[in-house]
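Just below is one structure, and these are the notes that go with it.
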């Protein structure tokens with residue numbers, strides 16, 4: 001009888017441990033899913049904002065033409081130069097992120113472009129191919145790019161506050177020999193060796209001194225599609241490289 005009780009206690013203990021592990025795993029999955037949903041909702045809001053801005057610019061187009069025509073006729077060279085310069089910069093802000101991209105990606109890129117502009121960070125996109133062409137489901141593209149840009153901006157903002165200098169971020173996407181190559185380089189404060197050694201590998205390690213969920217989502221997304229991920233942290237620069245096969 002005693003042996004039976006011992007066995008039952010052992011079974012219950014194992015069952016409790018297993019259940020606890022499952023609950024922890026489910027909690028992590030739910031947290032990651034909540035973050036994906038949040039990105040999708042934010043992208044829709046940003047898409048609506050971008051669409052409204054384009055409508056406003058189109059509505060005011062003839063007014064700008066009339067103003068330019070007047071300055072040309074009056075030979076107001078300096079005023080014309082400043083007017084067209086400011087006008088071009090405004091149009092570039094709207095069009096920078098939307099060439100060849102679908103609606104969700106437009107919203108996402110505009111969101112982070114606006115955040116960079118508001119914080120004084122120079123964010124540049126060098127896209128030989130549209131981000132929308134990545135061989136991933138649309139919601140995973142949003143999750144991947146959103147986490148990459150969010151981590152870069154968070155690190156750059158801290159670096160900028162510390163150094164009192166303008167931080168820079170470059171997001172690049174090319175396609176070569178059947179591979180999509182996504183890179184992101186940004187300024188960052190020095191990271192502890194323990195963080196660098198475990199980055200993208202274990203939960204709890206992040207460039208932002210938080211729970212490291214964003215880096216894990218990036219890694220899981222890349223590896224789920226037979227991709228490759230590597231990074232370099234050197235001289236207060238963080239360089240991330242992701243390769244994804246064009247055909248999955």
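FYI, it's all coordinate maths here, none of it is from the lab. Quick caveat: nothing in here was measured; it's all calculated off a predicted structure. Note: ideal-geometry Cβ built from the backbone for every residue, glycine included; neighbour counts use all protein chains shown.
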For region 109-248, percent of DSSP beta bridges that are antiparallel (nearest 5) comes out at 80
Please work out the Cα center distance from region 62-82 to region 210-242, rounded to the nearest Å. 49
So for the pair residue 132, residue 114, with labels modelled 7 Å out along Cα→Cβ, what separation do we get in nm? 1.9
For a footprinting-style exposure proxy, rank 196, 222, 148 by other Cβ within 10 Å, fewest first. 196, 222, 148
Counting other beta carbons within 10 Å of each residue's own, what order do 88, 143 fall into, fewest first? 88, 143
Treat each spin label as a single point 7 Å out from the Cα along the C-beta direction, and report the residue 243 to residue 61 distance in nm. 4.3
Based on other C-beta atoms within 10 Å, arrange 223, 112, 83 from fewest to most. 223, 83, 112
Subtracting the Cα-Cα distance from 0.36 nm times the residue separation, let me have the gained length for residue 82 to residue 69 in nm, one decimal. 3.3 nm
